[in-house]
Amino acid sequence: MAFICSMIGLLMAGDSLTVSPKVAVVVDAETRARIAEAVITVDDREIGKTLWNGSFLIPDSFALLTIKKPGFLTRKLVREEITDTIELLNNGRTLNEVVVWGKRPSTYFKYTPPKGSDMMGVSSSSGVGFDFFKAIDHLFNFKKHKRRKKARKALDTL
């Protein structure tokens, strides 16, 4: 009978000596959603990332555990602060979505004369002449250039 009791005592002591690894879960503090792919660093040495369900194994001995994830504030914990659930705060300075507004370029043909051209054109018949359409085009381009210059000056003063 003493033998059986001693064997049961050894078996129970053997079970208490085996230490199962501790598991922790990283979650979002606001939504309580599990965070996957968060980088786990122990004493300035990366040990891995959280799994798809936000879980990771806590090492046996360390001084400082750091958890980093883009979009969240970095969390630094000492051994006494670690629980089974670790919450990360959302970083309010990051953007989840960016909307870009633009204008579609015009589809019609625009002709601008090359630089240095003047309003006077040479007609093929007499050799000298005045091109009315070139003069109108030059006038509109001059006004556009003047408006752009004024807008640049206004932006430079800001």
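The values are calculated or read from the model by the stated rules, or taken from the named source; none is laboratory data. In this text the structure is predicted, and so the values were computed from the model without any measurement. No Cβ is skipped: glycine too gets one built from the backbone with ideal geometry, and neighbour counts run over all protein chains shown. Note: areas computed on protein heavy atoms with side chains; ligands, DNA, RNA excluded. Shrake-Rupley method; radii C 1.70, N 1.55, O 1.52, S 1.80 Å.
Hey, can you find the accessible area per residue of the range 15-88 for me, probe 1.4 Å, expressed in square angstrom? If you can, show how the numbers build up before the last one.
On the way: 4840 Å² over 74 residues.
Roughly 65 Å² per residue, with all protein chains present.
Extension gain for the segment GLU46 to THR107, taken as residue separation times 0.36 nm less the Cα-Cα distance, is 16.5 nm to one decimal. Applying 1/(1 + (r/R0)^6) with r as the Cβ-Cβ distance of ILE82 and THR31 and R0 = 25 angstrom yields a FRET efficiency of 0.70.
Let me check I've understood the local charge: for ILE58, count other residues with C-beta under 12 angstrom from its C-beta, Lys and Arg +1, Asp and Glu -1. What total comes out? Don't jump to the answer; show the numbers that get you there.
Numbers: positive: LYS22, ARG79; negative: ASP60, GLU81, ASP84.
Summing Lys/Arg as +1 and Asp/Glu as -1 gives -1.
Taking amide H atoms as placed 1.01 Å from N in the peptide plane, the amide H of ILE47 lies under 5 Å from those of ILE40, THR41, VAL42, each 5 or more residues away in sequence or on another chain. Residues in the range 47-55 carry Karplus couplings, in order, of 10, x, 10, 6, 6, 4, 9, x, 8 Hz; the curve used is 6.51 cos²θ - 1.76 cosθ + 1.60 with θ = phi - 60°, and Gly or Pro positions show x. The modelled label-to-label distance for the pair THR74/ASN53, using points 7 Å beyond Cα in the direction of Cβ, is 3.0 nm.
Karplus-derived 3J(HN,Hα) values for the range 30-37, using 6.51 cos²θ - 1.76 cosθ + 1.60 with θ = phi - 60°, are 7, 9, 6, 7, 6, 10, 8, 6 Hz; glycine and proline are entered as x. The amide H of GLU87, built 1.01 Å from its N in the peptide plane, has VAL27 as neighbours under 5 Å, considering only residues 5 or more places off or on other chains.
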